[in-house]
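Heads up: the structure comes next, in structure tokens.
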Amino acid sequence: MSAYQYLDVEQHDHVALVRFNRPESCNALHYDILVEIERCAFAFRDDAETRVVIFTGAGRHFSAGADLDEFRADRSQPLVVQRRRQRAGERALHALLGIDQITIGAWNGGALGGGACLATAMDFRIGAEDCFIQYPEIDLGMNLMWQSLPLTIHLLGPTRAKRLVIGGERVQSPTLLAWGLLEEIVPGATLIERAFAFAQTYVDKSPIAAQMIKRSVNQVSGALDRALMHMDADQNLFALTTADQRAAAEAYLNQRPPRFRGE
């Protein structure tokens, strides 16, 4: 029996393949799958054989982001509980970033919101031709959470990060390749095969040296990230109290554009 309900994990010599496995919901991220992602990432700590971990989504999409049905249900919880549950994504993201092994995102279809956060937490990303990114939080009257904003800035620079996170633009694979967010684009049918081929370069390197270098690069590039972003979950809870967010939620449910008043 699998150790996980919402993840499939396969081992292929020195490479592990992890699939987010909620295809019926486009791999939407609810609390339980985020806990499993965190636990799965921690499981690689004592794994001396795995040198590369590939992450992908079962079905059409990498991940549609936060599960909005659960998100709405959580609002009935006491605020102290909401605050803790809001941080499940943050914990999962930091667990992914903390994986010693090289990580590769085999990016199929959409990576939206929290799904985009997971994609940007990978060391490398191979994209299917149909892959795209979008942060819809802005149109729901919310900020981006999970302490993930610095990742977008590090990878794309301030201007493009603003286009994505403030503008809410949907950006397709050719532009993602031009921006440097993807290493390459391949047909969807060969995505996993190509991810394994890409992984082989890093399987063949000294794992001790490679993992030390990875950790050093991440420390240099993101030394202040957690200190600067430690309040983003609380900012999100504040955003949920605004009239603009209520208007955005109503507009989303009724499939019409929201009207924001700055209130």
Filter result for the condition that a residue is modelled with pLDDT under 95 and over 20 Å from GLN200 (Cβ atoms), over LEU29, LEU79: LEU79
Failed item in (1) at pLDDT below 95; (2) more than 20 Å from ASP225 (Cβ to Cβ); (3) among the acidic types (Asp, Glu); (4) in contact with a Gly (Cβ under 8 Å, 6 or more places away or on another chain), with GLU129 passing the rest: (1)
Matching helices (runs of 4 or more DSSP H) fully within segment 161-233 where at least 1 residues are aliphatic (A, V, I, L, M) and touching a residue at least 60 places away in the same chain (Cβ under 8 Å): 191-203, 207-222, 225-228
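With respect to ALA247, is the statement that it is surrounded by fewer than 18 Cβ atoms within 10 Å (Cβ to Cβ), in contact with a Pro (Cβ under 7 Å, 6 or more places away or on another chain), over 29 Å from GLN101 (Cα atoms) and modelled with pLDDT under 95 true?
yes
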Subset of segment 86-121 that is touching a residue at least 60 places away in the same chain (Cβ under 8 Å), part of a strand (DSSP E or B) and in contact with a Cys (Cβ under 9 Å, 6 or more places away or on another chain) - its residue that is nearest to ARG60 (Cα to Cα): GLY110
Residues of segment 173-213 that turn out to be surrounded by fewer than 18 Cβ atoms within 10 Å (Cβ to Cβ) and among the hydroxyl-bearing types (Ser, Thr, Tyr), as a count: 4
Failed item in (1) more than 19 Å from the chain's Cα centre (by Cα); (2) farther than 26 Å from ASP69 by Cβ; (3) surrounded by fewer than 18 Cβ atoms within 10 Å (Cβ to Cβ); (4) not charged (D, E, K, R), with THR241 passing the rest: (2)
Test for ALA233: is it at pLDDT below 95, surrounded by 15 or more Cβ atoms within 10 Å (Cβ to Cβ) and over 26 Å from PHE20 (Cβ atoms): no
Filter result for the condition that a residue is farther than 23 Å from ASP234 by Cα and in contact with a helix residue (DSSP H, G or I) (Cβ under 7 Å, 6 or more places away or on another chain), over ILE153, ILE133, ILE166: ILE133
Identity of the residue in segment 122-153, under 13 Å from the mean Cα position of the chain (by Cα) and part of a loop (DSSP other than H, G, I, E, B), that ends up surrounded by the most Cβ atoms within 10 Å (Cβ to Cβ): TYR135
Residue within segment 106-114 that is under 20 Å from ALA223 (Cα atoms) and buried (at least 24 other Cβ atoms within 10 Å of the Cβ) present: no
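The values are calculated or read from the model by the stated rules, or taken from the named source; none is laboratory data. Bear in mind that the values here come from a model prediction, so they are computed numbers and not experimental data. Every residue, glycine among them, receives a Cβ derived from its backbone with ideal geometry; neighbour counts consider all protein chains shown.
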